[in-house]
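Visitor: The structure is given below, and queries will be raised subsequently.
Bear in mind these aren't lab numbers, they're just calculated from the coordinates by the rules spelled out. Treat the numbers as computed from the prediction; the structure is a model and nothing was measured. All Cβ positions, glycine included, derive from the backbone under ideal geometry; neighbour counts span all protein chains shown.
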Amino acid sequence: MNPSSGILNYGQDSKWAHPTVRPEQNAMRMKVGSKRMCMQAPTVEQFVNAVKQTVHSNKRWVPPPGKGAMYIRPLLMGSGPVLGVAPASEYTFITYASPVGNYHKGVLNLIVEEKFRRAIPGGTGGVKAVTNYAIIYKPIAEAKAKGFTDVLFLNAEKYIEEVSTSNIFLVKGNETLTPPTSGTILPGITRKSIIEITHVLGYQVKERAIPVEELFDAEEVFCTGTAVGVNSVNSITYQDTRIAYKRGAGTVGQKLYEMLTGIQTGRIEDKMGWTVELD
Ligand code: PMP
């Protein structure tokens, strides 16, 4: 069981690494997730120091400005001598890094997943555990075989949950909506950031249960995640009907993308206190 998180680090001008984005939020999510998984998490300070060290040791791999980012993945695993089904007696905490480009190359065309369920109430769907990803390989493979980019998961009552590795937002008139984090979706750090900046931009995000039928009257849909940033959805197919959405200039998704990446890369002043300089 390995609750893991992703953190981005951007190269900028002559500085080799600036800034690292919200590592302490990722540390806190790992702490909460570890409780559910009966694991012992590192402290926030240990976590953030490990992230800083990883970036320092890998600075030559940080992509130049505009060419991507350094993705840092902290990993916690049980490593003690336990053979039975029980929490481990010891834990190993690792952070590793990889340069990344654009996560979703090209246009995002989703299909609503009706056969497979990503999470169940009372399960571990709200934890960033690697075991949650084993569940989604098959739905993604089937969607890709039909020409889609990714899947949108529903709960048993046909309410919208999330995309395989990102949270989802709908724009309907003046409202921006996202499903609540009630234990079956991952409480994304980017989701949280978007809720905070949407507010700054004069919009308000409503967190509420969204029946799948509401996909039909949304003008815009976008996904959020550490790797994807904010990614506007081109279409969603539900029960053989393809619903197309607005993308590009003037959309809420585009404005949020500009603001989020602006803060992350230092182009826009970080009044939110999200970015952490490396010592
Ligand atoms: N949901 C799932 C299932 C994910 O894997 C991710 C990516 N970490 C997200 C949502 C978005 O979370 P975050 O913004 O913290 O990257």
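Visitor: Which translational diffusion coefficient, to the nearest whole µm²/s, is obtained for region 185-225 from the Stokes-Einstein equation, given a Kirkwood hydrodynamic radius over C-alpha pairs, 20 °C and 1.002 mPa s?
Guide: 184
Visitor: Please check which bits of region 137-173 a label hung off Phe116 would reach, taking the label as a point 7 Å along Cα-to-C-beta and the cut-off as backbone N under 15 Å.
Guide: Only 137-155, 162-166 fall inside the zone, counting backbone N under 15 Å.
Visitor: Right, here's the next one. Using only alpha carbon pairs under 8 Å that are at least six residues apart, calculate the relative contact order of region 160-234 and give it in whole percent.
Guide: Details: 119 pairs, mean separation 30.1, N = 75.
Worked out over region 160-234, it gives 40 percent.
Visitor: Taking every alpha carbon pair in the chain, what does the distance histogram look like in 5 angstrom bins from 0, in percent?
Guide: 1, 6, 12, 16, 18, 17, 14, 10, 5, 2, 0, 0
Visitor: When a footprinting reagent is the concern and you count Cβ atoms within 10 Å, what order do Leu110, Leu177 take, fewest first?
Guide: Working: Leu110 25, Leu177 19.
The order, fewest Cβ neighbours first, is Leu177, Leu110.
Visitor: Which order do peptides 21-34, 200-213, 59-72 fall in by mean Cβ count within 10 Å, highest first? If you can, show how the numbers build up before the last one.
Guide: Working: 21-34: 21.2, 200-213: 13.3, 59-72: 15.8.
Answer by packing, highest mean first, reads 21-34, 59-72, 200-213.
Visitor: Wrap a convex hull around the Cα atoms of region 21-153, take a quarter of its surface area, and give that in square nanometres.
Guide: On the way: hull surface 42.0 nm².
With every direction weighted equally, the projected area is 10.5 nm².
Visitor: Modelling each spin label as a point 7 Å along the Cα-to-Cβ direction, I'd like the Arg267/Thr131 distance in nm, to one decimal.
Guide: Label-label distance for Arg267 and Thr131, simple model: 4.1 nm.
Visitor: Taking 8 Å as the Cα distance limit and 6 or more residues as the minimum spacing, I'd like the relative contact order of the chain as a percentage. Provide the component values of the computation, followed by the final result.
Guide: On the way: 567 pairs, mean separation 54.9, N = 279.
Result for the chain is 20 percent.
Visitor: Something else about it: When the helix-only estimate is applied to the chain (DSSP H runs of n ≥ 4, each -39,500 (n - 2.57), divided by the residue count), what is the mean residue ellipticity at 222 nm, nearest 500 deg cm²/dmol?
Guide: Details: 6 runs with 67 residues, N = 279.
The helix contribution divided over the chain gives -7500 deg cm²/dmol.
Visitor: Okay, next question. Ranking Lys146, Lys128 by Cβ neighbours within 10 Å, fewest first, what do you get? Could you put the intermediate results ahead of the total?
Guide: Numbers: Lys146 9, Lys128 25.
Exposure proxy ranking, most exposed first: Lys146, Lys128.
Visitor: Per q in 0.14 Å⁻¹, report the Debye log10 I(q)/I(0) for region 121-261, using one uniform scatterer on each alpha carbon and no solvent.
Guide: At q = 0.14 Å⁻¹ the computed log10 ratios are -0.63.
Visitor: Could I ask something else about it? When averaged across all projection directions, what area in nm² does the alpha-carbon convex hull of region 39-91 cover? Show your work: numbers first, answer last.
Guide: Values: hull surface 20.5 nm².
So the Cα hull casts an average projection of 5.1 nm².
Visitor: Quick check: pseudo-label points 7 Å beyond the Cα along Cα→Cβ at Arg60 and Leu278, how many nm apart are they?
Guide: Taking the simple label geometry, Arg60 and Leu278 are separated by 1.4 nm.
Visitor: Starting with the fewest neighbours, write out Lys35, Lys246 ranked by other beta-carbon atoms found within 10 Å of each beta-carbon. All intermediate terms of the calculation are to be shown ahead of the outcome.
Guide: On the way: Lys35 13, Lys246 18.
With the fewest neighbours first, Lys35, Lys246 line up as Lys35, Lys246.
Visitor: Right, next: Post the alpha-carbon centroid distance, region 211-279 to region 75-147, in whole angstrom.
Guide: Comparing the Cα centres of region 211-279 and region 75-147, I get a distance of 21 Å.
Visitor: Rank-order 73-84, 154-165 by packing density, defined as the average count of other C-beta atoms within 10 Å over each peptide's residues, highest first. Before the final figure, lay out each step's value.
Guide: On the way: 73-84: 14.2, 154-165: 19.2.
Sorting 73-84, 154-165 by mean packing, highest first, produces 154-165, 73-84.
Visitor: Compute the relative contact order of region 37-139 as a whole-number percentage, counting only Cα pairs closer than 8 Å that sit 6 or more residues apart in sequence. Intermediate results must be reported in sequence, preceding the final value.
Guide: Values: 98 pairs, mean separation 23.9, N = 103.
For region 37-139, the relative contact order is 23 percent.
Visitor: Take region 212-262, compute every pairwise Cα distance, and split them into 10 Å bins from 0; I just need the percent in each bin.
Guide: 25, 48, 24, 2
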